[in-house]
Amino acid sequence: MKILLVFLFCSIASIQAGSCEGKYRFKIQGKDKIFCIEKEMKSLVNIECTKKKCDSLKILSSPKLKNVRLSTSELAGGKNPSTLLCKKINGQLIFAKSEFGHEQFFCQFKDKSMISTNSLMVKYEDIKANQ
């Protein structure tokens, strides 16, 4: 019986861990945060998102993202479309720096989950291309 329980626990742990590819460390407001590529959505999210369905992953399949419009006039002056997209879906822009010095913006939601603005933009462009 103990062996069966250990086997089940290890199997469940490996399934959860399997939804995350690679780990990346970013410094946000002086604190280290771990991010990974979530396998199903192929998006860079904070590692906690791989343990439960978070707002960052929910938004990728929500009608809200599908209904966002980015006009040319809104992008005037060289505005970054991915950061504008974050604001339009009620996210908060978070600046981060990787352990290698790479700079990245994340979109943070009410549940404190975060997704890379680049990942968000790629998904948005995929949705628009398939409409």
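Screening I3, I28, I12 for residues that are farther than 16 Å from L120 by Cβ and either of a type in the set (K, R) or modelled with pLDDT of 95 or more (or both) leaves exactly one candidate, I28.
Residues satisfying the criterion are present in segment 32-47 (criterion: at pLDDT 95 or above and of a type in the set (D, E, K, R)). Within segment 57-78, being exposed (fewer than 12 other Cβ atoms within 10 Å of the Cβ) and more than 18 Å from the chain's Cα centre (by Cα) holds for N67, R69, S71, T72, S73, A76, G77, G78. Is there any pair with a first residue in segment 110-131 that is under 24 Å from E48 (Cβ atoms) and a second that is buried (at least 16 other Cβ atoms within 10 Å of the Cβ) and basic (K, R) whose Cβ atoms are under 8 Å apart and which are 6 or more apart or on different chains, and what are they? Filtered contacts from segment 110-131: M114/K33. Among the residues of segment 22-71, how many are under 26 Å from F100 (Cα atoms), of a type in the set (V, I, T) and without any contact (Cβ under 8 Å) to a residue 60 or more places away in the chain? Count: 4.
The values are calculated or read from the model by the stated rules, or taken from the named source; none is laboratory data. A quick note: this is a predicted structure, and the numbers were derived from the prediction, not measured. Here the Cβ is made from the backbone with ideal geometry for all residues, glycine too, and neighbour counts use every protein chain on show.
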